[in-house]
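Input: a single structure, listed below in structure tokens.
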């Protein structure tokens, strides 16, 4: 599988990451090796397999109940800035 | 010369197992504070050399030890792990104590709550000593992708401790704690345990709550204990396991899942009649001959102990590795999308608009390996490649589960190496990501199948490095794993051997 710098830059945009040209070139080389290795899955026979979850797997649900978090101060200590009990964040709309 | 029993009893704290410490508390040979102080002193003395800890909670630990001494003095019920010092991997949330995932992006993150595993340990009376180094977001097999420090293997400080729970395994090996908790997504408890000569369990998926474990690949991640011997490992797992309403993938106790079995009860009944399969694919090319020799010698010991040992085929190792890297990277790319610099975590100072804020925050905050996994995951999920990679990997996951199911119809346990190589040198594989990935070949398939597996020290190389073997069982067969591991450990007689770390002499 040939991977070029443009592909890397395209994927980077999807992943919200940024690479210099040199970094992208280096990633392209590493990617190519890794993806070549991944091709060993093509040797496997996949007939008769489907993606539907196996029997026995079940969805676990709980009641949608409000449970107040008792230590607001600890919760908000990881934010950069608070204003009037709200998180203050950089302006996101012009 | 006799300085009294008390002094002697505590002098070798680093060699003490959980059971030894508990015995000492019962006979009042020492107090909790004395034990905690002893371990903290050893960390202070030697962790500059090893680098196992990112945070050491000295004051908090001593305060809790004092409280516990008081409660013990009053005769209170203090719990099954009362006064046992424990280290926690830094991707498991601890209320009020920094939890970084060894990443710049969570450098200042202080969780407002405890992970369920941490809560269970605290409720059992354990004393949190500190948080251990790891590969960034648990992505790596050497602990070298940590953004903060390199951890050295206590058996040879020029070598890696393995990863990603390298700090936890090194802490147990160095005698800094009798119990460290790690997480295992593709071998991250077992491989460092093998590299450091410790016992490490990756439990059945769902048996230990993941609530508060910072997610890497949610369908594969599992928390488990690392200890110096099998008995301590079983005792610790017994505390950690159980259903948790806060983790819907955690499993309820019941006849089928049987999470209520008392693991200590049958620990010593031996392996007579157990059927143990050796997967032939594991003993082919790529395996270090000394490891092969050591694991096969253990297989012969099992026969001597009365187990039935036979050859089994697991034709999934090579494609299993690809399946693992496809699925885990895909889930990582989704899980790590939350780190955007908006609500918590690192935020770049260099931005004009929201797009730049996210772009720069993520590009500055994540290290190279985390970026590589996010990129790989984004790639295999992107339109045009989804069918070729992710969809095929999910189908193969079914196939791998089926192959294990078949193997366990014939065998109780599988016996294989934990790692194909001995601990490698620091820096040796840093620029060879594929080479690093290939080191996980024997461990990842158990995560794909969700089955439990344990790494046990089974010998030493001629160069004096630990060798680990791996026992894998069917879902919820931890009892058999512990039974078999305990028998072999007793027969081998190498448990309790500790590395000599430079600086120990001046300490003693």
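Run the quick spin-label model on residue A:33 and residue B:108: label points 7 Å from Cα toward the beta carbon, then report their separation in nm to one decimal.
3.7
Based on the alpha-carbon set only, what is the convex hull volume of the stretch B:74-195 divided per residue, in Å³?
Taking the convex hull of the Cα positions in the stretch B:74-195, it is 100 Å³ per residue.
In angstroms, what radius of gyration and Dmax does the stretch B:177-328 have, counting Cα atoms only?
17.0, 46
If I take the Cα coordinates of the protein assembly as shown and project them onto the principal axes, what are the three extents in Å, biggest first?
That gives 76, 63, 51 Å along the principal axes, largest extent first.
Give me the base-10 log of I(q)/I(0) for chain A at each q in 0.17, 0.18, 0.20, 0.25 Å⁻¹, Debye formula, one uniform scatterer per Cα, rounded to two decimals.
Each listed q corresponds, in turn, to -0.90, -0.91, -0.98, -1.25.
If packing is taken as the average number of other Cβ atoms within 10 Å across a peptide's residues, how do B:156-162, B:109-115 rank, most packed first?
B:156-162, B:109-115
When the helix-only estimate is applied to the protein assembly as shown (DSSP H runs of n ≥ 4, each -39,500 (n - 2.57), divided by the residue count), what is the mean residue ellipticity at 222 nm, nearest 500 deg cm²/dmol?
Result for the protein assembly as shown, helices only: -11500 deg cm²/dmol.
If you consider only alpha-carbon coordinates, what radius of gyration and Dmax does the stretch B:403-470 have, in Å?
14.3, 43
Apply the Debye scattering formula to chain B, with a single equal point scatterer on each alpha-carbon and no solvent, then give log10 I(q)/I(0) at q = 0.07, 0.08, 0.09 Å⁻¹.
For the requested q values the scattering log ratios are -0.34, -0.45, -0.58.
Among A:66-78, A:18-30, B:239-251, what's the highest-first ranking by average C-beta atoms within 10 angstrom per residue?
B:239-251, A:18-30, A:66-78
R0 = 51 Å: FRET efficiency of residue A:59 with residue B:497, Cβ-based, nearest 0.05?
That gives a FRET efficiency of 0.60.
Hey, what does the equivalent ellipsoid look like for the stretch B:312-427, semi-axes from the Cα gyration tensor as sqrt of 5 times each eigenvalue, largest first, whole Å?
After diagonalising the Cα gyration tensor, the semi-axes are 37, 19, 12 Å.
Given N residues in the stretch B:155-251, what is its alpha carbon radius of gyration divided by 2.2 N^0.38 Å?
Cα Rg divided by the expected 2.2 N^0.38 Å: 1.04.
Please list log₁₀ I(q)/I(0) at q = 0.15 Å⁻¹ for the stretch B:358-400, using the Debye equation with identical point scatterers on the alpha-carbon positions.
The Debye formula, applied to the Cα set alone, gives -0.49.
Output the 0 to 90 degree angle, nearest 10, between the alpha-carbon long axis of helix A:21-38 and the longest principal axis computed from the alpha carbons of chain A.
Approximately 60 degrees, to the nearest 10.
How high is the FRET efficiency between residue A:49 and residue A:10 when r is their beta carbon distance and R₀ equals 35 Å, given to the nearest 0.05?
0.70
Peptide A:38-47: average number of partner chain Cβ atoms within 10 Å per residue?
6
Beyond 12 Å, what percent of the Cα pairs of the stretch B:193-240 remain?
Pairs farther apart than 12 Å: 62 percent.
Taking 0.36 nm per residue of sequence separation and subtracting the Cα-Cα distance, how much length would be gained by fully extending the chain between residue B:405 and residue B:45, in nm to one decimal?
In short, 124.8 nm is gained.
Compute the angle between helix A:5-14 and the longest alpha-carbon principal axis of chain A, please, reported from 0 to 90 degrees and rounded to the nearest 10.
30
How many angstrom lie between the Cα centre of the stretch B:197-226 and the Cα centre of the stretch B:379-419?
18
Take the stretch B:243-387, compute every pairwise Cα distance, and split them into 5 Å bins from 0; I just need the percent in each bin.
For the stretch B:243-387, the binned pair fractions read 2, 7, 9, 10, 10, 11, 13, 11, 10, 8, 5, 3, 1, 0, 0 percent.
Determine, for each peptide in B:451-460, B:366-375, the mean count of other beta carbons within 10 angstrom over its residues, then list the peptides with the highest first.
Taking the mean over residues of other Cβ atoms within 10 Å, the ranking is B:451-460, B:366-375.
According to a simple spin-label model (label point 7 Å from Cα along Cα-to-Cβ), what is the distance in nm between residue B:70 and residue A:93?
So the label points at residue A:93 and residue B:70 sit 5.4 nm apart.
For residue B:337 and residue B:355, calculate 0.36 nm times their separation in residues minus their Cα-Cα distance, and state this gained length in nm to one decimal.
Roughly 5.1 nm would be gained on extension.
Bear in mind these aren't lab numbers, they're just calculated from the coordinates by the rules spelled out. The structure presented is a predicted model; accordingly, all values stated were derived computationally and were not measured. Heads up, the Cβs are rebuilt from the backbone with ideal geometry, glycines too, and the neighbour counts pull from every protein chain shown.
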